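A.B. asks: Before we start, here is the structure in question, set down as structure tokens.
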Amino acid sequence: MKQIQEEQGMMPKNFQKLQVWNKAMDLTCKIYDIVERLPRWEEFHLKNQLIRSTSSISANIAEGNGQFFKKKEFTHLNIAVGSANESINWIILARRRNYITEDEFQSLETDYREITRMIIALMRKLRQETA
């Protein structure tokens with residue numbers, strides 16, 4: 001029975017084994033460390049937005065990976081790409097406000113862009129599987 005389920009793609013997937021999910025989760029932890037240094041008055045704006053958009057990346061990868069239909073998985077991956085781009089917007093603001101250094105900004109932007117490329121690669125793979 002298990003072999004039949006595996007062949008039909010019906011076995012539950014483990015998103016924690018995905019390299020892209022792990023990178024996104026590591027980046028979320030890094031962002032939590034960074035926002036602790038931001039001024040208190042940014043609590044309900046920049047801090048909140050940056051945490052929400054960054055954590056949305058790994059959350060949508062996980063949620064999409066658990067979907068039965070590949071179209072739904074694709075949709076969640078697409079949302080994750082949007083969240084990565086939103087996060088880049090927020091780190092640009094953090095840099096312009098001098099809340100993070102140029103080196104921190106460059107490192108974070110590189111991480112977001114790498115994760116985005118990895119997600120897009122997954123999306124392409126899904127498209128090929130459903131074509």
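A.B. asks: Inspect all residues belonging to region 113-122 and state whether any of them is touching a Phe, Trp or Tyr at 6+ places or on another chain (Cβ under 6 Å) and either surrounded by fewer than 16 Cβ atoms within 10 Å (Cβ to Cβ) or part of a helix (DSSP H, G or I) (or both). Break it down stepwise before answering.
C.D. replies: Of region 113-122, the ones touching a Phe, Trp or Tyr at 6+ places or on another chain (Cβ under 6 Å) are none.
Checked region 113-122: no residue is touching a Phe, Trp or Tyr at 6+ places or on another chain (Cβ under 6 Å) and either surrounded by fewer than 16 Cβ atoms within 10 Å (Cβ to Cβ) or part of a helix (DSSP H, G or I) (or both).
A.B. asks: Continuing with the same structure: Collect the residues in region 90-109 that are within 14 Å of residue 28 (Cα to Cα) and polar (S, T, N, Q), keeping them in residue-number order.
C.D. replies: 107
A.B. asks: Looking at 96, 37, which is the one that is charged (D, E, K, R) and in contact (Cβ under 8 Å) with a residue 40 or more places away in the chain?
C.D. replies: On the way: 96 fails: in contact (Cβ under 8 Å) with a residue 40 or more places away in the chain.
Exactly one of 96, 37 is charged (D, E, K, R) and in contact (Cβ under 8 Å) with a residue 40 or more places away in the chain, namely 37.
A.B. asks: Among residues belonging to region 54-72 that are over 18 Å from residue 37 (Cβ atoms) and buried (at least 22 other Cβ atoms within 10 Å of the Cβ), point out the one that is nearest to the chain's Cα centre (by Cα).
C.D. replies: Checking each candidate, the answer is 57.
A.B. asks: Would you be able to say whether some residue in region 8-15 is at pLDDT 95 or above, under 20 Å from residue 89 (Cβ atoms), part of a helix (DSSP H, G or I) and not hydroxyl-bearing (Ser, Thr, Tyr)?
C.D. replies: Initially, region 8-15 is screened for residues at pLDDT 95 or above, giving 15.
Filter again for under 20 Å from residue 89 (Cβ atoms), leaving none.
Among the residues of region 8-15, not one is at pLDDT 95 or above, under 20 Å from residue 89 (Cβ atoms), part of a helix (DSSP H, G or I) and not hydroxyl-bearing (Ser, Thr, Tyr), which makes the answer no.
A.B. asks: Pairs needed: first member in region 102-115, farther than 16 Å from residue 81 by Cβ and at pLDDT 95 or above; second member anywhere, among the basic types (Lys, Arg) and surrounded by fewer than 16 Cβ atoms within 10 Å (Cβ to Cβ); C-beta distance under 8 Å; at least 6 residues apart or different chains.
C.D. replies: 108/30
A.B. asks: If you don't mind, there's one more thing I want to ask. With 107, 87 as the choices, which residue is of a type in the set (Ser, Thr, Tyr) and crowded, with 18+ Cβ neighbours inside 10 Å? If you could, list the steps in order and put the result at the bottom.
C.D. replies: On the way: 107 fails: crowded, with 18+ Cβ neighbours inside 10 Å.
Of 107, 87, the one residue that is of a type in the set (Ser, Thr, Tyr) and crowded, with 18+ Cβ neighbours inside 10 Å is 87.
A.B. asks: Sort out which residues of region 98-117 are under 26 Å from residue 74 (Cβ atoms) and of a type in the set (Phe, Trp, Tyr), and write them in order of number.
C.D. replies: 112
A.B. asks: Take the conditions at pLDDT 95 or above, hydrophobic (A, V, I, L, M, F, W, C) and touching a helix residue (DSSP H, G or I) at 6+ places or on another chain (Cβ under 7 Å) and apply them to residue 92. Does it pass?
C.D. replies: Numbers: at pLDDT 95 or above: yes; hydrophobic (A, V, I, L, M, F, W, C): yes; touching a helix residue (DSSP H, G or I) at 6+ places or on another chain (Cβ under 7 Å): no.
So residue 92 fails the test.
The values are calculated or read from the model by the stated rules, or taken from the named source; none is laboratory data. All values reported here derive from a predicted model rather than from experimental measurement. Cβ coordinates were reconstructed from backbone atoms using ideal geometry, including for glycine residues, and neighbour counts include every protein chain displayed.
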